[in-house]
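Peer 1: For reference, the structure I am asking about is given below.
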Amino acid sequence: MTRFIDTDTMATLVETVGIEQLLTELCQFIEHDYKRWDQFDKSARLACHSDIGVIELMPTADKQQYGFKYVNGHPGNTQKGLSTVMAFGALAEVATGYPLLLSELTISTAFRTAATSAMTARVLARPESKSMAMIGCGCQSEFQAIAFHTLLGITEIRAFDIDPASIRKFVTNLALFPNLKVITASSTAEAVKGADIVSTITADKTYATILTPDMVEPGMHINAIGGDCPGKTEIHHEILRRGKIFVEYEPQTRIEGDIQQLEADHPVTEFWQVLTGDSSGRDSAEQITVFDSVGFAMEDFSMLRYLHKTALELNLGEDISLVPTMDDDPKNLYAMLGNGRAATTIRRVA
């Protein structure tokens, strides 16, 4: 049987484990997989673009398991009462192809993105970092704030969004974290001034310049996660030239990330190389570091592994017959229709 996790089950799992504990454990799963980067079958995601959004498939596998995610990005969806990003995915055995898990990945994607951002910032940001600017207060923002608070000890968030309702939502949702001070800003420049870390999380599919060179101070770490498809950017190209850039999977980020603005040979470092000691991270306290994150399939693989393990341990979710079970005769698929006797109705049309 295949374990099935829907959105209600995911909410129960989060409530049972706890958000902070979940982020801590998930970060460990993602870091573990990054450190064995060479064991994965890697490719850029398959994307189907339209003028109003994108639908993508994100597959990867190691020698034991295969995982994929279906995900969209439609900024105009909120006007229709739908989420901008929605996702689901599956985890299967490589040896047999048998599906082990079918799961929602909309909530999960928010968690894995936040955990990945915090994982990289623990290495790339200055160790004494305490304040973060949040530019964009959409669905991802609370997850980012809680992850940085939990995993890095960030105590102050300065938030800005062009939509006042989004800022109010952000402040309300984070009120349950009394040790995290949330300050609302009237502009990006006001939010960024003096921040140790800057997270940009906007949704519009356009060549935008959310962060400009005059806003960036020595030593800042920029967590750029909103620019994630061709024709969609957030960071001024001069900031990228001034900073040391880290990416997930370079062939994909060259197409989708903020570095699509740069020359194809502009130097970047895949973050796994920092974790394994093959490359350096931050080189000085004054250096500007940029994590140009577009989201990579291996992070979803880590999330699916974590969900499968945790759901089984907590006995959450439902076992479903996603694929046929034919113990008596694996070659007789037709028998699944009812002992080999399928009813056929022939309609005569005059």
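Peer 1: For the subset of segment 6-60 comprising residues that are of a type in the set (A, V, I, L, M) and in contact with an Asp or Glu (Cβ under 7 Å, 6 or more places away or on another chain), which member is nearest to residue 320 (Cα to Cα)?
Peer 2: Step one: of segment 6-60, the residues of a type in the set (A, V, I, L, M) are 10-11, 13-14, 17, 19, 22-23, 26, 30, 44, 46-47, 52, 54-55, 57-58.
Adding the requirement that they be in contact with an Asp or Glu (Cβ under 7 Å, 6 or more places away or on another chain) leaves 10, 30, 46-47, 58.
On the way: 10: 16, 30: 27, 46: 28, 47: 29, 58: 23 Å.
Checking each candidate, the answer is 10.
Peer 1: Can you tell me which of (1) buried (at least 24 other Cβ atoms within 10 Å of the Cβ); (2) part of a loop (DSSP other than H, G, I, E, B); (3) aliphatic (A, V, I, L, M) is the one residue 290 doesn't meet?
Peer 2: The one condition residue 290 does not meet is (2).
Peer 1: Here is a further query. Mind counting the residues in segment 1-53 that are of a type in the set (A, V, I, L, M, F, W, C) and free of Cβ contacts under 8 Å to residues at least 24 places away in the same chain?
Peer 2: As a first pass, look at segment 1-53 and keep what is of a type in the set (A, V, I, L, M, F, W, C): 1, 4-5, 10-11, 13-14, 17, 19, 22-23, 26-27, 29-30, 37, 40, 44, 46-48, 52.
Narrowing further to those that are free of Cβ contacts under 8 Å to residues at least 24 places away in the same chain: 46, 48.
Here the count works out to 2.
Peer 1: Can you spot a residue in segment 131-153 that is in the same structural domain as residue 199 (by TED's automatic domain parsing), farther than 20 Å from residue 307 by Cα and at pLDDT below 95?
Peer 2: yes
Peer 1: With among the β-branched types (Val, Ile, Thr), within 22 Å of residue 152 (Cβ to Cβ) and surrounded by fewer than 23 Cβ atoms within 10 Å (Cβ to Cβ) as the only criterion, which of 216, 192, 198 stands out? Break it down stepwise before answering.
Peer 2: Values: 192 fails: surrounded by fewer than 23 Cβ atoms within 10 Å (Cβ to Cβ); 198 fails: surrounded by fewer than 23 Cβ atoms within 10 Å (Cβ to Cβ).
Going through 216, 192, 198 in turn, just one is among the β-branched types (Val, Ile, Thr), within 22 Å of residue 152 (Cβ to Cβ) and surrounded by fewer than 23 Cβ atoms within 10 Å (Cβ to Cβ): 216.
Peer 1: Out of 226, 194, report the one residue that is farther than 27 Å from residue 75 by Cα and outside the structural domain of residue 35 (by TED's automatic domain parsing). Don't jump to the end; show me each part of the working.
Peer 2: Values: 226 fails: farther than 27 Å from residue 75 by Cα.
One residue alone meets the criteria, 194.
Peer 1: Among the residues that make up segment 20-35, is at least one of them more than 26 Å from residue 145 (Cβ to Cβ) and surrounded by fewer than 19 Cβ atoms within 10 Å (Cβ to Cβ)? Steps first, please.
Peer 2: The initial filter retains those residues of segment 20-35 that are more than 26 Å from residue 145 (Cβ to Cβ), namely 35.
Imposing the further condition that a residue be surrounded by fewer than 19 Cβ atoms within 10 Å (Cβ to Cβ) reduces the set to 35.
Yes, because at least one residue in segment 20-35 is more than 26 Å from residue 145 (Cβ to Cβ) and surrounded by fewer than 19 Cβ atoms within 10 Å (Cβ to Cβ).
Peer 1: Residues to consider are 78, 96, 84; find the one that is in the same structural domain as residue 40 (by TED's automatic domain parsing) and touching a residue at least 60 places away in the same chain (Cβ under 8 Å).
Peer 2: Numbers: 78 fails: touching a residue at least 60 places away in the same chain (Cβ under 8 Å); 96 fails: touching a residue at least 60 places away in the same chain (Cβ under 8 Å).
Of 78, 96, 84, the one residue that is in the same structural domain as residue 40 (by TED's automatic domain parsing) and touching a residue at least 60 places away in the same chain (Cβ under 8 Å) is 84.
Peer 1: Consider segment 104-119. How many of its residues are surrounded by 23 or more Cβ atoms within 10 Å (Cβ to Cβ) and either more than 13 Å from the chain's Cα centre (by Cα) or more than 11 Å from residue 197 (Cβ to Cβ) (or both)?
Peer 2: Applying the first criterion (surrounded by 23 or more Cβ atoms within 10 Å (Cβ to Cβ)) to segment 104-119 yields 105, 108-109, 111-119.
Keeping just the survivors that are either more than 13 Å from the chain's Cα centre (by Cα) or more than 11 Å from residue 197 (Cβ to Cβ) (or both) gives 105, 108-109, 111-116, 119.
Count: 10.
Peer 1: Follow-up. Could you list all residues from segment 293-320 that are assigned to a loop (DSSP other than H, G, I, E, B) and exposed (fewer than 13 other Cβ atoms within 10 Å of the Cβ)? Steps first, answer last, please.
Peer 2: At the first step, the residues of segment 293-320 found to be assigned to a loop (DSSP other than H, G, I, E, B) are 293-296, 315-317.
The answer is 315, and nothing else.
Peer 1: Next question. Under the condition of being modelled with pLDDT of 95 or more and surrounded by fewer than 22 Cβ atoms within 10 Å (Cβ to Cβ), which residue from segment 219-238 is nearest to residue 123 (Cα to Cα)?
Peer 2: Once the filter is applied, the top-ranked residue is 219.
Peer 1: Quick check: anything in segment 21-35 in a strand (DSSP E or B) and either among the aliphatic types (A, V, I, L, M) or at positive phi (or both)?
Peer 2: At the first step, the residues of segment 21-35 found to be in a strand (DSSP E or B) are none.
No: segment 21-35 contains no residue that is in a strand (DSSP E or B) and either among the aliphatic types (A, V, I, L, M) or at positive phi (or both).
Peer 1: Restricting attention to segment 70-101, which residues are in a loop (DSSP other than H, G, I, E, B) and either of a type outside the set (S, T, N, Q) or surrounded by 13 or more Cβ atoms within 10 Å (Cβ to Cβ) (or both)?
Peer 2: Here is the first cut: in segment 70-101, the residues in a loop (DSSP other than H, G, I, E, B) are 74, 81-86, 94-98.
Across segment 70-101, the qualifying residues are 74, 81, 82, 83, 84, 85, 86, 94, 95, 97, 98.
Peer 1: Now, a different point. Give the residue that is farthest from residue 319 (Cα to Cα), with candidates limited to residues of segment 86-101 that are aliphatic (A, V, I, L, M) and within 18 Å of the chain's Cα centre (by Cα). Show your work before the answer.
Peer 2: As a first pass, look at segment 86-101 and keep what is aliphatic (A, V, I, L, M): 86-87, 90-92, 94-95, 100-101.
Applying the additional criterion that residues be within 18 Å of the chain's Cα centre (by Cα) yields 86-87, 90-91.
Details: 86: 23, 87: 20, 90: 14, 91: 14 Å.
My answer is 86.
Peer 1: Look at segment 274-298 and say how many of its residues are in contact (Cβ under 8 Å) with a residue 60 or more places away in the chain and over 19 Å from residue 213 (Cβ atoms).
Peer 2: Applying the first criterion (in contact (Cβ under 8 Å) with a residue 60 or more places away in the chain) to segment 274-298 yields 274-276, 281-282, 285-298.
Checking the rest, the ones that are also over 19 Å from residue 213 (Cβ atoms) come to 274-276, 281-282, 285, 293-298.
Counting residues in segment 274-298 that are in contact (Cβ under 8 Å) with a residue 60 or more places away in the chain and over 19 Å from residue 213 (Cβ atoms) gives 12.
Peer 1: Still on this structure, please answer the following. Quick check on this structure: which one of 41, 51, 6 is at pLDDT below 95 and either in contact with a strand residue (DSSP E or B) (Cβ under 7 Å, 6 or more places away or on another chain) or of a type outside the set (Phe, Trp, Tyr) (or both)? Even if it seems obvious, please write down each step before you answer.
Peer 2: Values: 41 fails: at pLDDT below 95; 6 fails: at pLDDT below 95.
So the residue among 41, 51, 6 that is at pLDDT below 95 and either in contact with a strand residue (DSSP E or B) (Cβ under 7 Å, 6 or more places away or on another chain) or of a type outside the set (Phe, Trp, Tyr) (or both) is 51.
Peer 1: Residue 264 versus (1) closer than 30 Å to residue 8 by Cα; (2) surrounded by fewer than 21 Cβ atoms within 10 Å (Cβ to Cβ): which is the lone unmet condition?
Peer 2: In the conditions (1) closer than 30 Å to residue 8 by Cα; (2) surrounded by fewer than 21 Cβ atoms within 10 Å (Cβ to Cβ), residue 264 misses (1) alone.
Peer 1: Just to be sure I understand, how many residues within segment 190-237 are among the hydroxyl-bearing types (Ser, Thr, Tyr) and more than 17 Å from residue 257 (Cα to Cα)? Don't jump to the end; show me each part of the working.
Peer 2: If we filter segment 190-237 for residues that are among the hydroxyl-bearing types (Ser, Thr, Tyr), which is where we start, we get 199-200, 202, 206-207, 209, 212, 233.
Filter once more, keeping what is more than 17 Å from residue 257 (Cα to Cα): none.
Residues meeting the conditions: 0.
The values are calculated or read from the model by the stated rules, or taken from the named source; none is laboratory data. Computed from a predicted model, the values in this text were never measured in an experiment. In this analysis, Cβ positions are derived from the backbone assuming ideal geometry, glycine residues included, and neighbour counts consider all displayed protein chains.
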